[in-house]
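Structure, as structure tokens:
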Amino acid sequence: MPEGSATTVVVIGGGPAGMAATLAARRRGARVVLIEAGDDVGGQYWRHLPETRATADEHTFHHGWERFRTMRSAIVTDPEVELILNGHVWSVDRRDGRPPLVHVMIGAADGRRRQARTFDPSSLVIATGAHERTLPFPGWDLPGVFTAGAAQALAKGERVAVGTNVLVAGAGPFLLPVVSSLLKVGATVAGVVEAAGWPQITRGWGARPWRLAKASAKGVELKGYIAEMAKNRIPYTVGSAVIAAHGIDRVEEVVVARLTPDWSPIPGTEKTITVDAVCVSHGFVPRTELAITAGCALDKDTVKTDQNQRTTVPGVFTAGELTGIGGVDLALAEGEIAGAVAAGGAPPPAAVRRRKTFREFAGRLDAAHGIRPGWQTWVDDTTLVCRCEDVTAGELRDTARMTGSRGLRSLKLTTRAGLGICQGRTCGRAVEEILAAAVGPDGLLDAGRTAHRPLAVPLRLGELATTGEDAG
Amino acid sequence: MSIHVNVAGEQVEAQVGQTVAGVLMSGGRVSWRTSRSGQPRGVFCGIGVCFDCLVVVNDLRDVRACQRRVVDGDRIEFQEDDHA
Ligand SMILES: Cc1cc2nc3c(=O)[nH]c(=O)nc-3n(C[C@H](O)[C@H](O)[C@H](O)COP(=O)(O)OP(=O)(O)OC[C@H]3O[C@@H](n4cnc5c(N)ncnc54)[C@H](O)[C@@H]3O)c2cc1C
Ligand code: FES
């Protein structure tokens, strides 16, 4: 039997958005089940050492750490919140006119003999966050090439530095906290390479780029990172990208080139930099698979919501990165609204005002640092695109040209790109864009299907068999 | 608190709360898996999304090293995916 009562709000994801939703729903008197895949709440932003390794300097790795501690303590001490840690929501079952059933596997990640549970929510808040988007380049599959978030996660969650001499590259202000964390765990940062040039950045942020941010904690946070970089004499180069990594069994050097405004490398501007690690992030992709399985309509790759954070499915709300990449402050504001309305209350006016401010911030972020199509010119035919199935850009382009097919699905089936164990989470968007460019001006017939995945997290075959019995 | 795990046949000291990836990288490794075409792989995304970091833990294959916390006595082995 699925668990739940008439007033149960189920929240999937214990990041800033899910935590804010939980507390807001509790303030409106609902019982809450908060399900988080990790072994503590905090999400990507407040990722920290586990309790068993707690250190006195944890707060130096974070912004708003006191706020996190207060929110966390309100959640873990509240008997009306059932906090399920190590709870991996692997699917949801659609039902007419009601929120879906929520299927969870509880236990160690990828372990065996985990406990299966199913919840029947009166309202559901999906707050599963985002993962990074890293554009492929020759050599990006060499060990020592990481996403910027990996460097961040290993520093905050393990106190491990990904290298001793590290270059940080990609696009957006997220590169800055990564530098800060790398310095704290003892790495030297060789530089930050931002793909957007000053024209893109200043047009995006507007005439007075910091005016918007100044009013907020975010402005203070970003200014702190910039001061730290200046103090450590870390060069910040704009309008440039890492276009190749070289090394035997591990990155030894990277090639950085200047870019045109559409992000095509300018021949003759290449410079080689010696590093033992490079961390690359060009933006984020919302983790929408559960929302899609629940039947929520999308707007490009984000989940469509109304002003109360409702999705198009009755009783299903969403908050945080799923509605558009906006960072922690937007996640907190949206979470608070979603939780309050999911519990039958009105949207808190202060949260509505904060959401407006940070949506604007998010819009400018995208204009200032959004990916431009010229990146495909640094992806030569030998560049590996799908890291699971080892498919190169040349194989993708040749298959599109030789078969004359414009179907994304059929081209993926032929090449196996995006069909490996990560289900295209890492390469899906790049595969789609490279194929779209290769098939010509008419484009792909079934564009945008990359985010459709039957399982949100992997299950073992034996587990699938037992859940069948339990749910039945 | 210190515990011991076995990494590819070798006893290694680890801390409670470290992930398998944390233990391997603290020990100076950057790669441990071999991809289909024989390329070395280690951590890439660090948050359980890319599956580059897979290891065998106590005979169970396809465990994400960046997600699995070590337990005293764990036996960690490296896997090759060259079954193309
Ligand atoms: C690797 C990484 C590092 C980042 N570091 C920073 C940083 O240092 N500074 C910064 O400003 N921004 C950072 N960000 C951006 C980040 O997206 C936002 O700052 C903020 O954390 C968004 O909050 P959220 O609640 O929407 O999502 P998240 O914080 O991502 O929280 C989502 C939560 O949902 C859980 N979840 C997802 N799927 C499931 C499932 N199927 N079942 C159960 N639980 C699930 C996840 O474990 C996670 O805890 C980072 C992003 C990434 C991907
Ligand atoms: S490093 Fe990507 S899943 Fe572990």
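The values are calculated or read from the model by the stated rules, or taken from the named source; none is laboratory data. None of the values given here were measured: they were computed from a predicted structure. Here the Cβ is made from the backbone with ideal geometry for all residues, glycine too, and neighbour counts use every protein chain on show. For accessibility, only protein heavy atoms count, side chains too; no ligands or nucleic acids. Shrake-Rupley method; radii C 1.70, N 1.55, O 1.52, S 1.80 Å.
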### Query
In this structure, is B:G17 within 16 Å of ligand 1 (Cβ to nearest atom) and either within 11 Å of the chain's Cα centre (by Cα) or at the interface with chain A (Cβ under 8 Å from one of its Cβ atoms) (or both)?
no
### Top-ranked residue in region A:140-154 [being hydrophobic (A, V, I, L, M, F, W, C) and over 11 Å from A:P177 (Cα atoms); ranked as nearest to ligand 1 (Cβ to nearest atom)]
A:A153
### Task
Determine if region A:50-59 includes at least one residue that is open to solvent by less than 50 Å² (accessible area, probe 1.4 Å), more than 13 Å from every other protein chain (Cβ to nearest Cβ) and either within 9 Å of ligand 1 (Cβ to nearest atom) or assigned to a loop (DSSP other than H, G, I, E, B) (or both).
no
### Task
Sort out which residues of region B:31-50 are more than 11 Å from the chain's Cα centre (by Cα) and aromatic (F, W, Y), and write them in order of number.
B:F44
#### Entry: Hits in region A:311-351 - residues which are open to solvent by 10 Å² or more (accessible area, probe 1.4 Å), in contact with a strand residue (DSSP E or B) (Cβ under 7 Å, 6 or more places away or on another chain) and within 12 Å of ligand 1 (Cβ to nearest atom)
A:E321, A:T323, A:G324, A:I325
#### Entry: So A:V256, is it buried (at least 17 other Cβ atoms within 10 Å of the Cβ) and assigned to a strand (DSSP E or B)
yes
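Looking at region A:151-173, can you tell me whether even one residue there is away from chain B (no Cβ under 12 Å), buried (at least 20 other Cβ atoms within 10 Å of the Cβ) and at pLDDT below 95?
Initial filter on region A:151-173 (away from chain B (no Cβ under 12 Å)): A:165-173.
From the residues that got through so far, the ones that are buried (at least 20 other Cβ atoms within 10 Å of the Cβ) too are A:166-172.
Add one more test, that the residue is at pLDDT below 95, and what stays is A:172.
Yes.
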### Task
Mind listing just one residue for me: the one in region B:18-30 that is over 28 Å from A:G462 (Cβ atoms) and not in a helix (DSSP H, G or I) and, of those, most open to solvent (accessible area, probe 1.4 Å)?
B:R29
### Query
So A:Y45 fits all but one of (1) within 23 Å of the chain's Cα centre (by Cα); (2) more than 9 Å from ligand 1 (Cβ to nearest atom); (3) open to solvent by 10 Å² or more (accessible area, probe 1.4 Å); what number is the exception?
(2)
### Message
Please go through region B:31-42 and give me each residue that is at the interface with chain A (Cβ under 7 Å from one of its Cβ atoms) and open to solvent by 20 Å² or more (accessible area, probe 1.4 Å), ordered by number.
### Response
B:S31, B:R36, B:S37, B:Q39, B:P40
### Message
Could you check region B:43-80 and list, in sequence order, the residues that are in a loop (DSSP other than H, G, I, E, B), out of contact with any His (no Cβ under 8 Å at 6 or more places or on another chain), open to solvent by 20 Å² or more (accessible area, probe 1.4 Å) and away from ligand 2 (no atom under 13 Å from the Cβ)?
### Response
B:N58, B:D59, B:V71, B:F78
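Here's the yes/no breakdown for (1) within 8 Å of chain A (Cβ to nearest Cβ); (2) farther than 19 Å from A:R425 by Cα; (3) not charged (D, E, K, R):
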{"site": "B:F44", "(1), (2), (3)": "yes, no, yes"}
{"site": "B:C50", "(1), (2), (3)": "yes, no, yes"}
{"site": "B:V55", "(1), (2), (3)": "no, yes, yes"}
{"site": "B:N58", "(1), (2), (3)": "no, yes, yes"}
{"site": "B:D62", "(1), (2), (3)": "yes, no, no"}
{"site": "B:Q67", "(1), (2), (3)": "yes, no, yes"}
{"site": "B:V71", "(1), (2), (3)": "no, yes, yes"}
{"site": "B:E77", "(1), (2), (3)": "no, yes, no"}
{"site": "B:E80", "(1), (2), (3)": "no, yes, no"}
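Scan B:R69, B:R75, B:R29, B:R33 and give me the residue that is within 16 Å of ligand 1 (Cβ to nearest atom) and among the charged types (D, E, K, R).
B:R69
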### Message
Anything in region A:85-96 that is over 24 Å from the mean Cα position of the chain (by Cα) and open to solvent by less than 60 Å² (accessible area, probe 1.4 Å)? List them, or say none.
### Response
A:R95
